Amino acid sequence: MSNIALKKIIKHAVTKQSQITDAFILNAILALSGGFQDAYTYVMRGGVFANAQTGNVVLMSVNFLEGNVAKGFAYLMPILSFVCGVFVADNIQYFFKNAKKLHWRQMVLLIEILSLFVVAFIPQEFNMIANMLVSFSCAIQVQSFRKVAGNAYASTMCIGNLRSGTSYFASFVRSRDHVQLQKSLYYWGIILIFAIGAAIGGVWSKIFGIKIILVTCIILTVAFFVMELDRE
């Protein structure tokens, strides 16, 4: 093998590893934000889940069945807002996927930052509106950022990541293929960072109150500039 060919192989391998690392860093930042948002709405906004819409569906159904209509709607509205968020993110991708000045995912992050900024100034008397905005924010994030190191994942919830991480680990145990172990560790890393974000979000919400959601605006701004550096 010639020196030129060898250099090309090494360059490709280094570039690929850099892309994988960058992808993990970006998605880890988003997972930190996702965990923070979920804990924030649960602790500060009436026990509603911003991300885990399965929990909202269960609580909505129970409350409607028990005749607690107002409480049922408190869970229904974030679900509908989540649906709207997915719809909006999907259309942003469709119409702006070839945009040159700003990547369409950066547009999503800007919308998310703006939504969460508004949430910080919504009084607790209007928790339903705040929860709707946070659920919308989570939806556009989870719809727009769906892969880490080439593998499907979710930055705002854990169940799919738990399944995938465990499945890849089981594959590693059977085959001793370290690629499978690496994939498993990516998922478990994202889950750990999500948990850290949730812990910080829950504790800080109790200490600092409703405006602590502004921390997620800072986190997402970091993600925005990580993407900008990658584009450059």
Let me spell out the model: positive unit charges on the Cβ of Lys and Arg, negative unit charges on the Cβ of Asp and Glu, origin at the Cα centre of the chain. What dipole size does that give, in debye rounded to 20? 820
For the chain, which whole percent of the accessible surface, found with a 1.4 angstrom probe, sits on carbon and sulfur atoms? 70
Among Ile79, Gln53, Leu116 the positive-end extreme of the charge dipole of the stretch 30-119 (Cβ point charges): Leu116
Quick one: which of 186-192, 160-166, 68-74, 99-105 comes out on top by average Cβ neighbours within 10 Å, and what's the full order, highest first? 186-192, 160-166, 68-74, 99-105
Tilt, helix 159-175 to longest principal axis of the chain (alpha-carbon atoms), in degrees rounded to tens, equals 30
1.4 Å probe accessible area per residue over the stretch 97-232, in Å²: 53
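Output the peptides 43-54, 211-222 sorted from most to least packed, where packing is the average of other Cβ atoms within 10 Å over each peptide's residues. Could you put the intermediate results ahead of the total?
On the way: 43-54: 21.9, 211-222: 18.8.
Ranked from most to least packed, the peptides come out as 43-54, 211-222.
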Cα-Cα over 29 Å, subset of Lys71/Lys206; Lys147/Lys206; Lys101/Lys206; Lys101/Lys147: Lys147/Lys206; Lys101/Lys206
Between Asp90 and Ser167, the FRET efficiency computed from the C-beta separation at R0 = 22 Å comes out, to the nearest 0.05, as 0.25
Compute the angle between helix 69-96 and the longest alpha-carbon principal axis of the chain, please, reported from 0 to 90 degrees and rounded to the nearest 10. 30
If I fit a long axis through the Cα atoms of helix 178-208 and take the longest principal axis of the Cα atoms of the chain, what angle between them do I get, 0 to 90°, rounded to 10? 30
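The values are calculated or read from the model by the stated rules, or taken from the named source; none is laboratory data. None of these values were measured; they are calculated from a predicted model. All Cβ positions, glycine included, derive from the backbone under ideal geometry; neighbour counts span all protein chains shown. Surface accessibility is based on the protein's heavy atoms, side chains included, excluding ligands, DNA and RNA. Shrake-Rupley method; radii C 1.70, N 1.55, O 1.52, S 1.80 Å.
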